[in-house]
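Trainee: Structure provided below as structure tokens; questions to follow.
The values are calculated or read from the model by the stated rules, or taken from the named source; none is laboratory data. Predicted model only: the values in this text are computed from it and were never measured. Every residue, glycine among them, receives a Cβ derived from its backbone with ideal geometry; neighbour counts consider all protein chains shown. We work out accessible area using only protein heavy atoms, side chains counted, and drop any ligands, DNA or RNA first. Shrake-Rupley method; radii C 1.70, N 1.55, O 1.52, S 1.80 Å.
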Amino acid sequence: MSSFNYDLLVIGAGSGGVRAARIAAGHGARVAVAEEHRVGGTCVIRGCVPKKLLVYGAHFAEDLKDARRFGWNVPKCTFDWTVLRNNVLAEVDRLNGLYRQNLSNHQVTVLDERATVAGPHEVVLAGGRRLTAKVILIATGATPAVPSVPGAELGITSNEVFHIEHAPLRVVIAGGGYIANEFAGIFHEFGAQVTLVNRSNQILRGYDESVRDRLLQISLGKGIEFRFNAAFERIVRQADGSLRVHLKDGEPIDCDQLLFATGRRPNTAGLGLEAAGVDLDDQGAVRVDEYNRSSVDSIYAVGDVTNRVQLTPVAIREGHAFADTVFGGTPRTVDYRCIPCAVFSHPPLAGVGLTEAQAREQLGSVKVYTSDFRPMKNVLANRDERALYKMVVDADTDRVVGLHMIGPDAPEILQAAAVAVKAGLTKQDFDDTVALHPSMAEELVLLK
Ligand code: NDP
């Protein structure tokens with residue numbers, strides 16, 4: 001019998017930590033998870049899941065409008081934020097309960113306390129209890145990074161946005177990444193005047209330029225405002241309770257809500273990692289090898305706290321690979337190539353593999369095929385919103401190295417198409433597949 005309290009002690013019950021705990025327990029390990037908030041982590045509690053539900057809720061604004069063109073007599077509809085918010089939070093409660101149940105079904109002990117690392121095999125809980133473990137897994141995720149500007153505390157982050165009292169009439173969103181564009185769409189559909197303020201001259205750095213540009217054009221067409229190359233100077237509360245956002249250049253912007261969506265920082269502050277000998281990088285992320293092992297042999301880390309790819313499915317894979325490697329006797333690493341990703345903007349966009357610019361930089365010669373079309377439903381709805389699909393092909397081998405799309409259901413379509421890209425299929429393989437008509441996805445096999 002081991003002299004340690006546990007074989008594995010996981011700090012953080014988010015996507016990566018929960019998966020690691022469950023799989024390790026399945027391999028026979030005695031496992032505990034320490035969590036200071038709720039079980040489920042960012043994705044379930046204050047990220048992907050509630051956000052997607054808000055995206056669904058927001059989309060009704062367009063659906064209700066379009067429905068009239070399809071013959072439905074839709075009376076004047078009003079939107080009640082409180083109803084949506086409460087239903088979403090209730091769903092989060094339900095999922096939190098399921099996650100807990102799942103851990104308990106696998107005989108994993110949940111310690112509802114903050115834990116800090118006290119040594120290679122030792123953890124201290126907030127209440128003072130000391131526990132030992134053969135292996136410690138850091139799965140504490142990341143936390144919103146807010147620029148240090150006077151008055152920044154008057155703004156909110158994605159941590160608070162799901163709980164706000166009222167749907168704001170005027171919103172300023174800081175940042176031009178995932179969260180900024182997703183919430184720009186959500187708040188706009190709820191009827192708010194949205195201004196997105198970004199430090200650079202672009203949105204969604206890293207995504208293919210054509211789809212980014214299409215989102216920008218569509219968003220501008222809808223009335224979302226953008227201020228680029230803009231730095232915050234200060235934020236002040238006005239007498240009527242609203243906020244005035246002063247930028248270094250240009251007119252100040254008045255708003256009811258300011259949302260910071262300026263990236264996320266690994267959650268390592270005050271965890272005791274450096275004292276225990278764990279190397280952190282300049283962002284505070286735990287440095288790990290391909291098997292998720294840190295500079296201390298008995299301490300591992302998975303998910304956003306390692307700042308590799310900040311996506312839930314990646315954290316889950318890392319947690320699973322860790323558990324199989326350390327407790328299942330099957331060393332496994334995660335393949336980071338061709339990870340599909342999506343932005344749930346209005347309309348959504350998605351991509352997998354190399355962007356056109358990356359392909360041109362990395363490959364000898366590249367062929368690009370695009371389909372720029374108005375989806376059938378948008379035509380009848382009189383909605384002047386075009387979809388764009390783009391396929392990037394290695395001209396020497398005919399292999400499809402990238403797929404990028406923006407339009408209705410783009411993430412749903414891309415997930416399936418990503419299998420083909422990951423499998424290394426060629427443009428000819430796509431062409432050899434008979435179109436499924438009428439669909440938007442058929443554009444992928446009809447590209448000329
Ligand atoms: P992103 O990294 O997507 O975007 C951050 C934005 O903030 C960028 O536009 C960046 O500018 C800007 N920025 C960064 N630092 C500063 C700063 N100090 N001052 C001012 N602006 C700054 O971060 P998000 O916060 O939107 O999301 C965090 C992460 O969460 C994402 O990277 C993603 O991995 C994950 N996520 C995934 C989602 C999904 O899969 N659909 C949804 C939501 C989040 P620029 O790049 O132009 O220089």
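Trainee: Show the residue pairs meeting these rules: Cβ distance below 6 Å; 6+ apart or different chains; first residue within segment 233-260 and more than 20 Å from residue 144 (Cα to Cα); second residue surrounded by fewer than 11 Cβ atoms within 10 Å (Cβ to Cβ).
Mentor: So the pair list comes out as 244/238.
Trainee: Would you confirm whether or not segment 345-355 contains a residue that is open to solvent by 30 Å² or more (accessible area, probe 1.4 Å) and out of contact with any strand residue (DSSP E or B) (no Cβ under 6 Å at 6 or more places or on another chain)?
Mentor: Taking every residue of segment 345-355 in turn, none turns out to be open to solvent by 30 Å² or more (accessible area, probe 1.4 Å) and out of contact with any strand residue (DSSP E or B) (no Cβ under 6 Å at 6 or more places or on another chain).
Trainee: Quick one: in segment 62-97, of everything that is surrounded by fewer than 12 Cβ atoms within 10 Å (Cβ to Cβ) and of a type in the set (A, V, I, L, M, F, W, C), which residue is nearest to the chain's Cα centre (by Cα)?
Mentor: Ranking the candidates gives 90 first.
Trainee: Continuing with this model, one more query. For segment 302-322, what are the residues that are open to solvent by 30 Å² or more (accessible area, probe 1.4 Å) and away from the ligand (no atom under 14 Å from the Cβ)?
Mentor: 317, 320
Trainee: Being part of a loop (DSSP other than H, G, I, E, B), crowded, with 18+ Cβ neighbours inside 10 Å and away from the ligand (no atom under 13 Å from the Cβ) narrows it down to one residue among 288, 326; which is it? Outline the logic, then answer.
Mentor: Working: 326 fails: part of a loop (DSSP other than H, G, I, E, B).
Within the list 288, 326, the selection yields 288.
Trainee: Okay, moving on. Return yes when residue 390 is within 27 Å of residue 311 (Cα to Cα), of a type in the set (D, E, K, R) and crowded, with 20+ Cβ neighbours inside 10 Å and no when it is not.
Mentor: Working: within 27 Å of residue 311 (Cα to Cα): yes; of a type in the set (D, E, K, R): yes; crowded, with 20+ Cβ neighbours inside 10 Å: yes.
Judged against the criteria, residue 390 is a match.
Trainee: Taking the options 354, 349, 363, name whichever one is in contact with a Leu (Cβ under 9 Å, 6 or more places away or on another chain), among the hydrophobic types (A, V, I, L, M, F, W, C) and within 16 Å of the ligand (Cβ to nearest atom). Outline the logic, then answer.
Mentor: Numbers: 354 fails: within 16 Å of the ligand (Cβ to nearest atom); 363 fails: within 16 Å of the ligand (Cβ to nearest atom).
Criteria check complete, one pass: 349.
Trainee: Report, by residue number, each residue of segment 173-184 that is near the ligand (Cβ under 7 Å from one of its atoms), in contact with a strand residue (DSSP E or B) (Cβ under 6 Å, 6 or more places away or on another chain) and aliphatic (A, V, I, L, M).
Mentor: 174, 180
Trainee: Would you point out which residue out of 141, 155, 185 is at positive phi, at pLDDT 95 or above, under 25 Å from the mean Cα position of the chain (by Cα) and not aliphatic (A, V, I, L, M)? Show your work before the answer.
Mentor: Values: 155 fails: at positive phi; 185 fails: at positive phi.
Step by step, each of 141, 155, 185 is checked, and only 141 is at positive phi, at pLDDT 95 or above, under 25 Å from the mean Cα position of the chain (by Cα) and not aliphatic (A, V, I, L, M).
Trainee: Quick check on residue 378: is it part of a helix (DSSP H, G or I) and either in contact with a Lys or Arg (Cβ under 7 Å, 6 or more places away or on another chain) or within 30 Å of residue 65 (Cβ to Cβ) (or both)?
Mentor: Answer is yes for this residue.
Trainee: While we're looking at this one, here's another question. Any residue in segment 287-315 that is farther than 17 Å from residue 18 by Cβ sitting within a Cβ distance under 8 Å of a residue that is away from the ligand (no atom under 16 Å from the Cβ) and of a type in the set (S, T, N, Q)? List the pairs, counting only those 6 or more apart or interchain.
Mentor: The qualifying pairs are 287/294; 287/295; 288/294; 290/333; 291/325; 291/333.
Trainee: Considering only residues that are within 11 Å of the ligand (Cβ to nearest atom) and hydroxyl-bearing (Ser, Thr, Tyr), look in segment 193-251 and name the one that is surrounded by the most Cβ atoms within 10 Å (Cβ to Cβ).
Mentor: Among those residues, the one meeting the criterion is 207.
Trainee: I'd like the residue in segment 329-344 that is more than 14 Å from the ligand (Cβ to nearest atom) and among the hydrophobic types (A, V, I, L, M, F, W, C) and, out of all such residues, is surrounded by the most Cβ atoms within 10 Å (Cβ to Cβ). Please lay out each step first, then the result.
Mentor: We begin by selecting, within segment 329-344, every residue more than 14 Å from the ligand (Cβ to nearest atom); these are 329-335, 337-338.
When the remaining residues are screened for being among the hydrophobic types (A, V, I, L, M, F, W, C), the result is 334, 338.
Values: 334: 21, 338: 17.
So the residue we want is 334.
Trainee: Could we say that residue 187 is open to solvent by 10 Å² or more (accessible area, probe 1.4 Å), more than 9 Å from the ligand (Cβ to nearest atom) and hydrophobic (A, V, I, L, M, F, W, C) here?
Mentor: It is false that residue 187 is open to solvent by 10 Å² or more (accessible area, probe 1.4 Å), more than 9 Å from the ligand (Cβ to nearest atom) and hydrophobic (A, V, I, L, M, F, W, C).
Trainee: So, one more: Look through segment 393-444, keep the residues that are of a type in the set (Ser, Thr, Tyr) and within 20 Å of residue 354 (Cβ to Cβ), and return whichever of them is surrounded by the fewest Cβ atoms within 10 Å (Cβ to Cβ). Give the steps one after another, and end with the answer.
Mentor: As a first pass, look at segment 393-444 and keep what is of a type in the set (Ser, Thr, Tyr): 397, 426, 433, 439.
Then drop every residue that is not within 20 Å of residue 354 (Cβ to Cβ), which leaves 397, 426.
Details: 397: 13, 426: 15.
Restricting to residues being of a type in the set (Ser, Thr, Tyr) and within 20 Å of residue 354 (Cβ to Cβ), the top hit is 397.
Trainee: List, please: which pairs have Cβ atoms under 9 Å, are six or more places apart or on different chains, and start with a residue in segment 414-430 that is closer than 15 Å to residue 367 by Cβ and end with one that is polar (S, T, N, Q) and open to solvent by 60 Å² or more (accessible area, probe 1.4 Å)?
Mentor: Partner pairs satisfying both residue conditions: 426/397.
Trainee: Listed residues 57, 28, 14, 47; which is surrounded by fewer than 16 Cβ atoms within 10 Å (Cβ to Cβ), at pLDDT 95 or above and touching a helix residue (DSSP H, G or I) at 6+ places or on another chain (Cβ under 8 Å)? Spell out how you get there, then give the answer.
Mentor: On the way: 57 fails: surrounded by fewer than 16 Cβ atoms within 10 Å (Cβ to Cβ); 14 fails: surrounded by fewer than 16 Cβ atoms within 10 Å (Cβ to Cβ); 47 fails: surrounded by fewer than 16 Cβ atoms within 10 Å (Cβ to Cβ).
28 is the lone residue from the list that is surrounded by fewer than 16 Cβ atoms within 10 Å (Cβ to Cβ), at pLDDT 95 or above and touching a helix residue (DSSP H, G or I) at 6+ places or on another chain (Cβ under 8 Å).
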